[in-house]
Amino acid sequence: MSATEVLSALDRIHGTVSVIGSMNADYTVTAQRLPGPGETITGGPLQLLPGGKSGNQAAAAARIGATVQMFGAVGSDSNADFLLGALGEAGVNTTHVRRVLGPSGTTVITVDATGENTIVYSPGSNAQVTVDYVESVRDALARSSVLGLCLESPIETVTAAARMCHEAGVKVLLNDSPFTPSLPSELVEASDILLVNEHEMVQLLGIDEPENDDWDGFDWNHALEAMRGFGFEQAIVTLGGDGSVVLDSTSATPIQRIASVHVNAVDTTGCGDSFMGTVLAGLASGMALSEAAELASYVSAYAATGYGAQASYGNAAQIREAFAK
């Protein structure tokens, strides 16, 4: 389909999304290249930008039109107001975010001239998103159509949130990032859809990567069956600049390759989160998984044309305009 046809799906974004997890202040510096071990290089001005995988996903979903609630914790520092203000500006409801003593979550990010990055994450207040907190917001969580989860919060908290929402009939989308190969069985059982990249997929399923990164010649049928054996009937595998693959045992077309969208990337920070946020918004609005993934390719490509995570996310009008040519 053409960009215009794919992006027409933005007119149908209306669903309700809950995201529980991390909010981080991103200290970001650009440099011509990434430093090697023990090396000091000169970079540009240091920027403070709003981030955190969960916060990013919530902001991306809200910017394209979904009704989004954010759940999690910020600290007692100045970054707390900064993070909540950025989410509010994106249209995210932060009423249920808890404030705790100590620093908010932070990351230190270096971005090179090609848009590649390295990230060091310090959990801060994100480590205080407890099971008790999840219990206290159970009713609010259950009012959404879809829940987005990643692993920047304690695993027991993520598992409890997935279980509560699954029992309430809320669709659960799990992003296994930061990657762990040993997901609790209870979390797998309570999650409906998995989002991973290609390297995470092969580690999780215990299968081999293709030679020379030939994902076109990869046996995706084997991956589909392995994914089902692991516990997921539906999954999205992102392939970086090569697009993504939707594995959907519930569909008449169980393997669907989603083409990449080429742009002049300046910073890939947060692009994966904008992809997930778009999928959350699409699923909450009644889209099929493959349709949501196709829309997400354009939204995340747009994010790569700006610096930072949330700071680079566009609204529906901006994204349409960018690809109108």
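Can you tell me which residue among PRO45, PRO50 is open to solvent by 10 Å² or more (accessible area, probe 1.4 Å) and without any contact (Cβ under 8 Å) to a residue 24 or more places away in the chain?
Details: PRO50 fails: without any contact (Cβ under 8 Å) to a residue 24 or more places away in the chain.
Criteria check complete, one pass: PRO45.
Got a sec? Which of ASP267, ASP273 is part of a loop (DSSP other than H, G, I, E, B), of a type in the set (Asp, Glu) and within 22 Å of VAL92 (Cβ to Cβ)?
Details: ASP273 fails: part of a loop (DSSP other than H, G, I, E, B).
Of the residues listed, the single one that is part of a loop (DSSP other than H, G, I, E, B), of a type in the set (Asp, Glu) and within 22 Å of VAL92 (Cβ to Cβ) is ASP267.
Give the residue, chosen from ALA223, ALA259, ALA252, ALA284, that is more than 16 Å from ILE319 (Cβ to Cβ) and in contact (Cβ under 8 Å) with a residue 60 or more places away in the chain. Reasoning before the result, please.
Numbers: ALA223 fails: in contact (Cβ under 8 Å) with a residue 60 or more places away in the chain; ALA259 fails: in contact (Cβ under 8 Å) with a residue 60 or more places away in the chain; ALA252 fails: in contact (Cβ under 8 Å) with a residue 60 or more places away in the chain.
Selected residue: ALA284, the only one of ALA223, ALA259, ALA252, ALA284 that is more than 16 Å from ILE319 (Cβ to Cβ) and in contact (Cβ under 8 Å) with a residue 60 or more places away in the chain.
Restricting to the range 219-234, what's the tally of residues that are closer than 13 Å to SER191 by Cα, open to solvent by less than 90 Å² (accessible area, probe 1.4 Å) and not hydrophobic (A, V, I, L, M, F, W, C)?
Number satisfying all stated conditions: 3.
Tally the residues that are in contact with a strand residue (DSSP E or B) (Cβ under 9 Å, 6 or more places away or on another chain) and either surrounded by 15 or more Cβ atoms within 10 Å (Cβ to Cβ) or over 30 Å from ALA292 (Cβ atoms) (or both), restricting the search to the range 1-40.
Final tally of qualifying residues: 19.
Which of the residues spanning the range 300-325 are assigned to a helix (DSSP H, G or I), open to solvent by 10 Å² or more (accessible area, probe 1.4 Å) and touching a residue at least 60 places away in the same chain (Cβ under 8 Å)?
GLN310, ALA311, ALA316, ARG320, PHE323
Pairs only if they're at least six apart or on different chains, beta carbon under 6 angstrom, first in the range 146-167 and in a helix (DSSP H, G or I), second open to solvent by less than 20 Å² (accessible area, probe 1.4 Å) and of a type in the set (S, T, N, Q); list them, first residue then second.
ALA162/SER191
Checking GLN256 against (1) surrounded by fewer than 14 Cβ atoms within 10 Å (Cβ to Cβ); (2) closer than 29 Å to ALA59 by Cβ, which test does it fail?
(1)
Enumerate the pairs (first residue in the range 91-117 and outside any loop (DSSP other than H, G, I, E, B) and at pLDDT below 95; second residue anywhere and of a type in the set (Asp, Glu) and open to solvent by less than 60 Å² (accessible area, probe 1.4 Å)) with beta-carbon separation below 6 Å, excluding pairs fewer than 6 apart on the same chain, so at least 6 apart or on different chains.
Short answer, once both residue conditions are applied: THR107/ASP26; ILE109/ASP26; VAL111/ASP267.
Regarding GLN47, is this residue of a type outside the set (Lys, Arg), over 20 Å from the mean Cα position of the chain (by Cα) and more than 26 Å from PHE179 (Cβ to Cβ)? Steps first, please.
On the way: of a type outside the set (Lys, Arg): yes; over 20 Å from the mean Cα position of the chain (by Cα): yes; more than 26 Å from PHE179 (Cβ to Cβ): yes.
Taking the combined requirement at face value, the residue satisfies it.
The values are calculated or read from the model by the stated rules, or taken from the named source; none is laboratory data. In this text, all values refer to a predicted model and were calculated from it rather than measured experimentally. Ideal geometry is used to build each Cβ from the backbone, glycine not excepted, and the neighbour counts take in all protein chains shown. Keep in mind that these areas ignore ligands, DNA and RNA; they rest on the heavy atoms of the full protein, side chains included. Shrake-Rupley method; radii C 1.70, N 1.55, O 1.52, S 1.80 Å.
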